[in-house]
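J.: Right, I'll just put the structure down here and ask away after.
The values are calculated or read from the model by the stated rules, or taken from the named source; none is laboratory data. In this text the structure is predicted, and so the values were computed from the model without any measurement. Cβ sites come from the backbone with ideal geometry, for glycine too, and all protein chains shown count toward neighbours.
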Amino acid sequence: MEKMSENKVLIGAVNVTSTEVKCPGCGGTIGIKFDPESLNLCCPFCGLSSRLPQPGTVPAVREVDFNSAYQRASVNWGKVKKLIVCANCGGQTLYDAEQITGACPFCGSTSVNPAAENPQIMAPQGIIPFSVSKDMTQNIFTAYMKRKHCLAKGVVDSKLENVTGIYLPYWTFDALTVSSFKAYYYVMKVKNYYTGIWNQFFDDNIISASDRFRHPVIKKVQHFDFSGVVPYSPEYLAGIPAERYTVGLNEGWERAKTQMTEKIKRDIYRKKGLNFFFEEFNTNYYNVRFRYFLAPIYIASYRYKKKKLLVTINGQTGEIFCDAPTFIPKLVTLCLIIFFILLGLFLYKVVFPNIGLVF
């Protein structure tokens with residue numbers, strides 16, 4: 001650990017102040033946890049619950065101008081953190097300095113080590129606190145399965161395992177776009193050209209700042225209510241790990257531009273109603289602003305026969321996604337068997353029309 005000026009230390013890969021989250025009642029620092037149901041900071045020693053700022057009661061988290069991002073970026077997480085990297089999947093996760101973890105929250109591996117140092121890791125501007133508690137996840141899962149059709153026997157009674165709450169990093173981008181394009185289409189095999197200008201504004205275009213491609217179902221539940229974003233405070237991370245971003249600001253912006261371009265083209269197709277092809281397409285971006293925040297996700301699993309299936313739940317809205325085994329494959333197999341039996345009987349009757357079948 002390298003000591004730095006202004007009461008700062010370099011922990012793992014994060015430059016943070018050495019101030020711990022303390023209980024205002026007894027001054028304790030160990031075991032302090034954020035409670036999603038009450039939005040309180042709870043002390044296990046004196047029992048005091050301290051009220052934290054709630055979504056909608058604090059000023060909105062303002063976006064930062066993209067061009068001045070590096071001059072204004074904060075690397076102060078406000079609390080001693082340790083950063084570990086999983087040797088199995090590469091996940092990089094921030095924990096409280098006193099918190100002991102034995103497994104990676106993404107793949108379950110216990111092979112974790114301190115990450116390489118990098119003092120310029122940007123701290124989030126905002127955070128969406130957990131509002132769904134760990135105890136609520138089983139009821140959400142059961143209700144989700146009950147809404148499914150053709151569900152395989154016993155699936156609805158499955159129990160969630162290894163339920164882990166974690167804050168995942170996201171970028172949002174605002175931008176005014178002006179696109180010029182040249183397209184062509186055919187009428188009676190005659191090639192026609194069409195040129196135009198398209199203006200479109202994007203607000204809170206969300207980009208995942210974590211390359212956890214081994215869990216693509218996370219994208220299915222990352223629909224957040226941005227009115228619930230509050231200014232970042234380390235108290236919300238008490239007892240809850242947070243994933244460090246692995247997609248930097250510049251890379252995130254490049255991905256956002258790709259998404260914006262695809263949406264612009266889709267909107268032009270719908271508006272013009274023509275079956276045309278773009279020959280030239282150019283987009284300029286103005287007043288680009290961004291926001292970096294943490295959002296709550298639960299990662300869990302359940303067992304069906306010999307399979308272990310992934311479950312993801314939005315820790316703010318309760319939105320859930322997971323694979324749900326059905327009896328449709330068995331039904332299809334049964335129908336195919338019956339079909340081939342009937343087909344065999346038909347062919348037998350055609351080949352041997354004078355031979356009766358005795359059952």
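J.: What number of residues in segment 106-155 are modelled with pLDDT under 90, in a loop (DSSP other than H, G, I, E, B) and not aliphatic (A, V, I, L, M)?
T.: 18
J.: Considering T317, T283, which residue is in contact (Cβ under 8 Å) with a residue 24 or more places away in the chain, among the polar types (S, T, N, Q), outside any strand (DSSP E or B) and surrounded by fewer than 21 Cβ atoms within 10 Å (Cβ to Cβ)?
T.: Being in contact (Cβ under 8 Å) with a residue 24 or more places away in the chain, among the polar types (S, T, N, Q), outside any strand (DSSP E or B) and surrounded by fewer than 21 Cβ atoms within 10 Å (Cβ to Cβ) holds for just one of T317, T283, which is T317.
J.: I need the full set of residues from segment 206-246 which are among the hydrophobic types (A, V, I, L, M, F, W, C), in contact (Cβ under 8 Å) with a residue 60 or more places away in the chain and either surrounded by fewer than 17 Cβ atoms within 10 Å (Cβ to Cβ) or in contact with a helix residue (DSSP H, G or I) (Cβ under 7 Å, 6 or more places away or on another chain) (or both), in order please.
T.: A209, V217
J.: Still on this structure, I have one more. Taking segment 227-256, which residues are farther than 25 Å from S179 by Cβ and aromatic (F, W, Y)?
T.: Y232, Y236, Y245
J.: What are the pairs, 6+ residues apart or on separate chains, where a residue within segment 179-198 that is without any contact (Cβ under 8 Å) to a residue 12 or more places away in the chain has its Cβ under 6 Å from a residue that is exposed (fewer than 12 other Cβ atoms within 10 Å of the Cβ) and assigned to a loop (DSSP other than H, G, I, E, B)?
T.: none
J.: Related question: I'd like the full set of residues that are of a type in the set (S, T, N, Q) and more than 24 Å from K263 (Cβ to Cβ), limited to segment 180-198.
T.: N192
J.: While we're on this one: Just checking, does segment 236-259 include any residue being assigned to a strand (DSSP E or B), on the phi < 0 side of the Ramachandran plot and either at pLDDT below 95 or among the aromatic types (F, W, Y) (or both)?
T.: yes
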